[in-house]
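Here is the structure we will look at.
The values are calculated or read from the model by the stated rules, or taken from the named source; none is laboratory data. Note that the structure is a prediction, hence the values are computed from the model and not measured. Methodologically, a virtual Cβ is constructed for each residue, glycine included, from the backbone with ideal geometry; neighbour enumeration extends over all protein chains shown. We work out accessible area using only protein heavy atoms, side chains counted, and drop any ligands, DNA or RNA first. Shrake-Rupley method; radii C 1.70, N 1.55, O 1.52, S 1.80 Å.
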Amino acid sequence: MRCTIPKDRLSASMAVMTHGGATGRADPALGGRITVRAVKGADGTGALVCEATDGEIAARHVTPATVEQAGVAVVPGRQFADVVRELRDDTASLALADGRLVVRAGKQHFRVPASGEDAAPPIPAVDFAAAVAIQGGVLADLIADTRFAVADAKDGRAALRGALWEVKGSAMEFVGTNGHRLAWSKAQVAMEGA
């Protein structure tokens, strides 16, 4: 694997990864690792694909990059994110060598331990054919309307620690309960491709 990417794009990928599964909170055996994949299209375009999961939440971020050689490395998420945060130059180069992901930016040089692709937990593919579009403010309102009724982490009933999020026709519904109170909220959404 060998690629070059602007630091701001790499930083954006790390922001997504650290908020979307690279923390390892749900299942430390799964989380804490980021799969960094350099891919090269048939037309010569390249991309850096970063993926992470902790068993409950999965994140995938794709950003354009100049890819000389395609490849995959699985790296410790927190350590890689710290390296990216320390970069001072505008452009970073990533290369896989001797079981390490070598990150260079200007005069800086970091070596992050790396494993092969088989060390990464699989992330299921998502079919966006049935996607819906909703404004961020409307989604925030739906969550705010129901989250007060969701059981907190201290409650021993795991099934009540989440909210039901369902799309029925052109409506999105949220339902939350902690066994004592029930909250329901609904908003209209636009179906993608419809």
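If you check V39 against the conditions, is it open to solvent by less than 20 Å² (accessible area, probe 1.4 Å), part of a strand (DSSP E or B) and not acidic (D, E)?
Values: open to solvent by less than 20 Å² (accessible area, probe 1.4 Å): no; part of a strand (DSSP E or B): yes; not acidic (D, E): yes.
It is false that V39 is open to solvent by less than 20 Å² (accessible area, probe 1.4 Å), part of a strand (DSSP E or B) and not acidic (D, E).
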**Fill in**
Q108 meets each of (1) under 20 Å from the mean Cα position of the chain (by Cα); (2) closer than 30 Å to E86 by Cα with one exception, condition (1)
**Message:** When the residues of the stretch 68-121 are narrowed to those that are over 13 Å from T35 (Cα atoms) and touching a Gly at 6+ places or on another chain (Cβ under 7 Å), which ends up most open to solvent (accessible area, probe 1.4 Å)?
**Reply:** R88
**Prompt:** Got a sec? Which strands (runs of 3 or more DSSP E) wholly within the stretch 69-119 have at least 2 residues that are in contact with a Leu (Cβ under 8 Å, 6 or more places away or on another chain) and within 22 Å of K40 (Cα to Cα)?
**Reply:** 71-76, 91-97, 100-105
**Fill in**
Apart from one, (1) part of a strand (DSSP E or B); (2) hydrophobic (A, V, I, L, M, F, W, C); (3) under 30 Å from V72 (Cβ atoms) all hold for A183; the odd one out is (3)
